[in-house]
Amino acid sequence: MDGRRLQDFWNQEVLALLAVYKQFETLLPSSFAEGAGHRGEDGRYVEALLRNYLQKYLPKDLEVLTGFILRPAVKTGKNTRNRKNQIDKHSTQLDIIVCDTGTYPVFQRMGETVIVPPEAVIAVFSVKKKLRDADIAAECKALAAVGQICRSDEGKPQERRRGPFLGLVGASSQFADKRVAKEKKIFQKLAKLYADPPTFDDMVGFIGDLSGWYVFKARPPEKLTSNNSAASYRYFSLTENELHHGFQFLISGILSVYYDETRRNMKRPGYTSFPRLPAKELGTIPFNGLR
């Protein structure tokens with residue numbers, strides 16, 4: 001297999017993304033700490049920058065927005081009443097929502113802020129300018145809640161649509177305690193969070209710093225057995241020539257949901273290319289069914 005052109009292309013794009021953010025820090029420096037002078041705008045700028053870069057490479061039916069997911073307890077489909085004993089629910093405000101607005105309607109839109117139904121949600125990302133230890137548990141818990149709000153109503157698991165791709169993304173990172181490797185800390189926090197096994201789709205698929213590393217969840221076979229009903233988490237440390245890995249993983253995760261057979265009958269194109277790199281196995285966490 002080749003794919004070197006794609007690897008070089010994506011690497012240049014990630015370097016360009018990080019360079020644009022660096023220019024923001026250069027133009028609006030902080031007098032007291034690393035980064036830009038306006039911390040709130042600093043974080044929002046990273047969100048907007050990542051949204052713009054993702055939007056460039058996705059099918060036109062998909063929009064990369066921010067806002068909320070509303071799951072109303074009403075009939076779906078022709079006359080499906082699976083939600084009759086439920087109540088209306090909504091998510092917290094989400095940094096990035098990748099929505100299939102070409103297929104599904106939107107409840108409300110004001111600029112890039114929307115309120116959308118769960119059926120439209122393809123991916124959700126929590127974005128941090130600087131990813132820290134304290135972010136992991138809280139943000140992954142919020143993402144698990146998103147997975148539950150977006151869960152399909154079909155009674156039979158094999159008939160449920162695939163849930164959205166969930167990720168926690170930073171433009172940089174800072175882990176205070178150097179005595180324990182950051183990837184080990186992350187896995188320990190995830191294992192504690194998922195002590196009561198969730199569905200596979202509710203577990204975060206990506207945690208990473210686009211400027212150097214990421215932890216990801218490997219997808220198991222569709223046909224589960226007692227031997228493969230645990231999610232395997234792995235870690236990659238990246239050199240400057242390998243930074244395309246993290247951004248490509250985000251693109252690949254979005255497209256894998258968009259083109260999944262439970263959502264549409266279309267063949268996924270060859271669009272990303274991952275060279276073989278040594279992954280560090282962090283461990284496995286049991287789950288209770290794919291969806």
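What's the number of the only condition in (1) under 30 Å from Ala176 (Cβ atoms); (2) of a type in the set (Lys, Arg); (3) modelled with pLDDT of 95 or more that Lys130 fails to meet? Of (1) under 30 Å from Ala176 (Cβ atoms); (2) of a type in the set (Lys, Arg); (3) modelled with pLDDT of 95 or more, only one is false for Lys130: (3).
With respect to (1) part of a loop (DSSP other than H, G, I, E, B); (2) surrounded by 16 or more Cβ atoms within 10 Å (Cβ to Cβ), the lone exception for Lys78 is condition (2). Name the residues in the range 132-167 that are among the β-branched types (Val, Ile, Thr) and over 15 Å from the mean Cα position of the chain (by Cα), would you? Within the range 132-167, Ile149 is the sole residue that qualifies.
Only one of the numbered conditions (1) in contact with a helix residue (DSSP H, G or I) (Cβ under 8 Å, 6 or more places away or on another chain); (2) over 18 Å from Ile285 (Cα atoms); (3) of a type outside the set (Val, Ile, Thr) is not met by Gln158, and that is (1). Please work out if Ala144 is under 18 Å from Gly289 (Cβ atoms) and part of a helix (DSSP H, G or I). Here the answer is yes, as Ala144 does meet what is asked. If you go through the range 152-165 and keep only what is buried (at least 22 other Cβ atoms within 10 Å of the Cβ) and in a loop (DSSP other than H, G, I, E, B), you end up with Gly163, Pro164.
Could you list, in sequence order, the residues of the range 133-142 that are closer than 12 Å to Tyr194 by Cα and either touching a residue at least 60 places away in the same chain (Cβ under 8 Å) or hydrophobic (A, V, I, L, M, F, W, C) (or both)?
Applying the first criterion (closer than 12 Å to Tyr194 by Cα) to the range 133-142 yields 137, 140-141.
Within the range 133-142, Ala137, Cys140 meet the criteria.
Residue-level check: of (1) under 23 Å from Arg160 (Cα atoms); (2) touching a Gly at 6+ places or on another chain (Cβ under 6 Å), Ser252 misses just (2).
Does Asp95 satisfy being among the charged types (D, E, K, R), within 26 Å of Gln248 (Cα to Cα) and part of a helix (DSSP H, G or I)?
Numbers: among the charged types (D, E, K, R): yes; within 26 Å of Gln248 (Cα to Cα): yes; part of a helix (DSSP H, G or I): no.
Judged against the criteria, Asp95 is not a match.
Only strands (runs of 3 or more DSSP E) whose full extent lies in the range 166-285 are considered here, and the ones with at least 3 residues that are surrounded by 15 or more Cβ atoms within 10 Å (Cβ to Cβ), in contact (Cβ under 8 Å) with a residue 12 or more places away in the chain and of a type outside the set (Phe, Trp, Tyr) are 206-209, 230-237. Among the residues of the range 51-64, is any modelled with pLDDT of 95 or more, surrounded by 14 or more Cβ atoms within 10 Å (Cβ to Cβ) and polar (S, T, N, Q)? Yes, the range 51-64 has at least one match.
Scanning the range 94-113 for residues that are loosely packed, with under 12 Cβ neighbours inside 10 Å and touching a residue at least 24 places away in the same chain (Cβ under 8 Å) yields one hit, Gly102.
The values are calculated or read from the model by the stated rules, or taken from the named source; none is laboratory data. This is a predicted model, so every value here is computed, not measured. Heads up, the Cβs are rebuilt from the backbone with ideal geometry, glycines too, and the neighbour counts pull from every protein chain shown.
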